[in-house]
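Nothing in this text is a laboratory measurement; each read-out follows from the coordinates by a stated rule. Please read these numbers as outputs of a predicted model, since none were measured by experiment. Please note: Cβ atoms are built from the backbone with ideal geometry, for glycine as well, and neighbour counts cover all protein chains shown.
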Amino acid sequence: MSTIPEPIASSLSAINQKSSSTFIAPFHSDAIFIDEGRTFKGLPSIKSWFEHALVSHNASIKIQNTTIQGDRTTVHVIMDGDFVEEYGITEPFPLYFSFLLKDDKIYHLLITPWNSSKPFMDAVYLDKENENDPISAIKIAPRPQQEVPEGWVRVKMQAVGLNYHDIFTARGQGMHRLTFPLILGCEGAGILENGTEVLLYPCMGSPDFKGDETLDPKRNVFSELTNGTLAEYVNAPRRNVIIRPKGMGVETAAVLGVAWLTAYRMLVTKSGLKAGQTMLVQGSSGGVTTALIQLGAAAGMRVWCTGRTAAKRELGLKLGAERAFEAGAELPEKVDAVFDASGEVTWEHSMNSVKTGGTIVTCGGHSGKTVPVNISRVFVEQINIRGSYLGNLQEFQDLIAFVVAKSIKPHIGLVVPMEQADVGFQKMLSGETEGKIVVRL
């Protein structure tokens, strides 16, 4: 076992002494301390943590071993105390204290239940769900790097698009049973170890399934059965890693996988529309709706859209819509196809806006998943109602080619660093989006 540097030994001994002043004495005045995904900065906040998290729970430690790698010292301890009632933790339990020193002072401390002497990375993740307050469940802190399975590759992420799917995951909702902790993020762009620039196709499934991947009963995307893309590194099946076209920006590449692929499949595969026909997009500021407007305009459709505010309608016009209407407003004429990503709030208007023989394509239920349907109108007027989920690999490759050929630049309304990913999610939840939100890493 390596010798523990004196400032670290002094701080650790203070735990058994239950002395907050002794614990913080070796810390730098601007020290950063991360525990359970929560970040504390400065001596007062670290002292407060010590008194609440350790002293009030009668905590004590037994040092097991120490690992020193460069300027990082990781101490493996067994902690005991009275944690069951508040945290449901069975004592004793292992913890790893990972210290960085500067000028003989502790300027960074990371406490984890996993071995932090092994490679780790910054990530945006959940360790539990919260149906009523999903943003509060999101943590931004280090997570261990995972071994790369056979047939997979490691991608160093550069940019990740946020999606409402992440909000559903934080609420504990999804197609699959979620296992926590779980890194968020369904799409993104990055580079391979050899420097190749890539973007990720999000849909995975059974290797034995033949045909359209989106129909595979075992289909899943990043952040469902495997960790997501909102991390410094992500492991991905080799077939899901697509070489980025030369000249395509990293932020454009980062947003094509979910909202844009969904919009492409809705428009090209599901709607049956031809150039010159009229389409209505229910909304004008979300990820899918802005993609539909831009793709529809590029494909030669007459694009109409709705928006709850003048600013949202103006955005729709800016992105290529010919006309923009208030939400729920009666249209001057019925349209060939309606694209509905909202659900309950917009459904009646969608039904009233489509012409006889027309099509409604739905891909979401953010405003509610149960909608009334006048079945006699459906069969008498031969209205086609089509569900759409993501897109298959061929459609993803076709989308990429279409975006390049038409020189489309997806509208990105907000770019934030990883440490502000929760801000991006909050804007999405509050409906304050203007196109896609991207996290840069």
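Structure values in brief
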quantity: Stokes-Einstein D in µm²/s, Kirkwood radius over Cα pairs - region 6-112 at 4 °C with 1.567 mPa s viscosity; calculated: 94
quantity: Low-density loop cleavage sites - chymotrypsin sites (Phe, Trp or Tyr not before Pro) in region 82-187, where at most 16 other Cβ are within 10 Å (DSSP); calculated: Trp114
quantity: Where labels lie 7 Å past Cα in the beta-carbon direction, separation of Lys41 and Thr356 in nm; calculated: 6.5
quantity: Loop-located GluC sites (Glu not before Pro) in region 291-344, at most 15 other Cβ atoms within 10 Å (DSSP); calculated: Glu322, Glu330, Glu333
quantity: Region 6-112: relative contact order in percent, alpha carbon pairs under 8 Å with at least 6 residues between; calculated: 26
quantity: Rotationally averaged projected area of region 73-163 (alpha carbon convex hull; nm²); calculated: 9.6
quantity: Fewest-first ranking of Glu91, Glu86, using other Cβ atoms within 10 Å as the exposure measure; calculated: Glu86, Glu91
quantity: Listed residue pairs exceeding 23 Å between alpha carbons, taken from Lys246/Lys409; Lys270/Lys406; Lys118/Lys436; calculated: Lys118/Lys436
quantity: Pairwise label distance in nanometres, Asn384 with Val84, each label 7 Å out on the Cα-Cβ vector; calculated: 6.3
quantity: Residues whose placed amide H lies under 5 Å from that of Phe325, excluding near-sequence neighbours; calculated: Cys305, Thr306, Gly307
quantity: Helix-derived mean residue ellipticity, 222 nm - over the chain, DSSP H n ≥ 4, -39500 (n - 2.57), to 500; calculated: -6500 deg cm²/dmol
quantity: Estimated Rh, region 193-238: Kirkwood, alpha-carbon pairs, angstrom; calculated: 12.0
quantity: Mean separation of Cα contacts under 8 Å (6+ apart) over length of the chain, as relative contact order %; calculated: 12
quantity: Region 64-80 - phi-based ³J(HN,Hα) in whole Hz, Karplus 6.51/-1.76/1.60, Gly and Pro as x; calculated: 9, 6, 10, 10, 10, 10, x, 9, 10, 10, 10, 10, 8, 10, 10, 9, 10
quantity: Under-5 Å amide H pairs with Val335, H placed in peptide plane, nonlocal only; calculated: Val354, Lys355
quantity: Alpha-carbon centroids, region 249-307 and region 222-246: separation in whole Å; calculated: 24
quantity: Sequence-distant aspartates and glutamates (8 or more away, or on other chains) whose Cα lies within less than 14 Å of Lys105; calculated: Glu6, Asp30, Asp71
quantity: Gyration tensor (Cα) of the chain, equivalent ellipsoid semi-axes in angstrom; calculated: 49, 22, 19
quantity: Per principal axis, descending, Cα span of region 202-291 in whole Å; calculated: 42, 32, 25
quantity: Cα-based shape type of region 259-387, given that a ≥ b ≥ c are square roots of the gyration tensor eigenvalues and the cut on a/c is 1.5; calculated: rounded
quantity: Gain in span if fully extended, Ser19 to Val148, counting 0.36 nm per residue against the direct Cα distance; calculated: 42.2 nm
quantity: Region 259-387: relative contact order as a whole-number percent, Cα under 8 Å and 6+ apart; calculated: 22
quantity: Backbone HN-Hα couplings from phi across region 122-136 [Karplus 6.51/-1.76/1.60, Hz, Gly and Pro as x]; calculated: 6, 7, 10, 8, 10, 10, 6, 8, 8, 5, 8, 9, x, 5, 5
quantity: Leu331, Leu215 arranged by Cβ crowding within 10 Å, fewest neighbours leading; calculated: Leu215, Leu331
quantity: Region 1-45: proportion of alpha-carbon pairs further apart than 12 angstrom, %; calculated: 64
quantity: For the chain, built as a Gaussian network whose Cα springs stay under 10 Å, the top-fluctuating residue of Thr370, Thr356, Thr306; calculated: Thr370
